[in-house]
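K.L.:
The structure is given below, and queries will be raised subsequently.
The values are calculated or read from the model by the stated rules, or taken from the named source; none is laboratory data. Note that the structure is a prediction, hence the values are computed from the model and not measured. Note that we place each Cβ from the backbone using ideal geometry, even for glycine, and neighbour counts take in every protein chain shown.
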Amino acid sequence: MCDYSLQAVKTRPAKVDDKLTVRLFGWSTRGFAASEDRSVAVCLLPGTELSFAEEVRKGYSWPWSPPTIRHKTAIFRKVNQQNPTAHHDALEFPDGRIILVTLLEEGQQATVLQMPVTREVARVPEPEKAKA
């Protein structure tokens with residue numbers, strides 16, 4: 001499910017090997033756009049692993065907060081879920097920092113490396129019954 005702020009945008013679920021681009025949707029929300037159609041927001045499940053083409057950069061920088069994250073991999077997370085009007089989509093980096101997706105610099109490209117295991121994916125098929 002995508003961030004609440006992307007409800008008015010056409011969306012689709014992420015797939016392994018998707019090529020995504022950080023873009024501005026509307027006037028204040030950044031998210032991941034599909035490579036085949038920039039107007040489609042790609043929704044990630046918590047636990048999805050991403051690899052960026054370059055070190056991740058924030059779109060906003062303050063003197064105490066460098067613009068470059070210095071990592072190329074991240075895990076997608078949901079934060080602020082108790083507040084329905086706050087941004088929820090975030091990335092967790094190897095050093096433990098969590099940054100909202102909406103704070104990322106536009107134009108950065110990422111690839112979906114791995115989707116989280118869900119109950120449906122984790123089901124073990126039943127063995128075939130012997131014919132009598």
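To keep it simple, each residue is scored yes or no on (1) at pLDDT 90 or above; (2) part of a loop (DSSP other than H, G, I, E, B); (3) among the aromatic types (Phe, Trp, Tyr).
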{"position": "Arg38", "(1), (2), (3)": "yes, no, no"}
{"position": "Pro46", "(1), (2), (3)": "yes, yes, no"}
{"position": "Ser51", "(1), (2), (3)": "yes, no, no"}
{"position": "Glu55", "(1), (2), (3)": "yes, yes, no"}
{"position": "Tyr60", "(1), (2), (3)": "no, yes, yes"}
{"position": "Asp95", "(1), (2), (3)": "yes, yes, no"}
{"position": "Gly107", "(1), (2), (3)": "yes, yes, no"}
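K.L.:
Answer with yes or no whether Val42 is assigned to a strand (DSSP E or B), under 16 Å from His71 (Cβ atoms), in contact with a Phe, Trp or Tyr (Cβ under 7 Å, 6 or more places away or on another chain) and at pLDDT 90 or above.
P.N.:
No: the conditions fail for Val42.
K.L.:
A further question follows. Of all residues being within 13 Å of the chain's Cα centre (by Cα) and free of Cβ contacts under 8 Å to residues at least 40 places away in the same chain in region 79-108, which is farthest from Pro66 (Cα to Cα)? Just the residue, please.
P.N.:
Within region 79-108, the subset within 13 Å of the chain's Cα centre (by Cα) is 79, 87-93, 98-104, 108.
Those left that are additionally free of Cβ contacts under 8 Å to residues at least 40 places away in the same chain: 79, 90, 92-93, 98, 100.
Working: Val79: 22, Ala90: 18, Glu92: 16, Phe93: 15, Ile98: 14, Leu100: 15 Å.
So, considering only residues that are within 13 Å of the chain's Cα centre (by Cα) and free of Cβ contacts under 8 Å to residues at least 40 places away in the same chain, the one farthest from Pro66 (Cα to Cα) is Val79.
K.L.:
Same structure, new question: Just checking, how many residues over region 1-32 are among the β-branched types (Val, Ile, Thr), in contact (Cβ under 8 Å) with a residue 40 or more places away in the chain and part of a strand (DSSP E or B)?
P.N.:
The qualifying residues number 3.
K.L.:
What's the number of the only condition in (1) surrounded by 14 or more Cβ atoms within 10 Å (Cβ to Cβ); (2) farther than 24 Å from Val117 by Cβ; (3) of a type in the set (Val, Ile, Thr) that Thr85 fails to meet?
P.N.:
With respect to (1) surrounded by 14 or more Cβ atoms within 10 Å (Cβ to Cβ); (2) farther than 24 Å from Val117 by Cβ; (3) of a type in the set (Val, Ile, Thr), Thr85 is out only on (1).
K.L.:
Say we look at region 20-36 and pick out the residues that are out of contact with any Lys or Arg (no Cβ under 8 Å at 6 or more places or on another chain) and not hydrophobic (A, V, I, L, M, F, W, C); which of these is modelled with the lowest pLDDT?
P.N.:
So the residue we want is Ser28.
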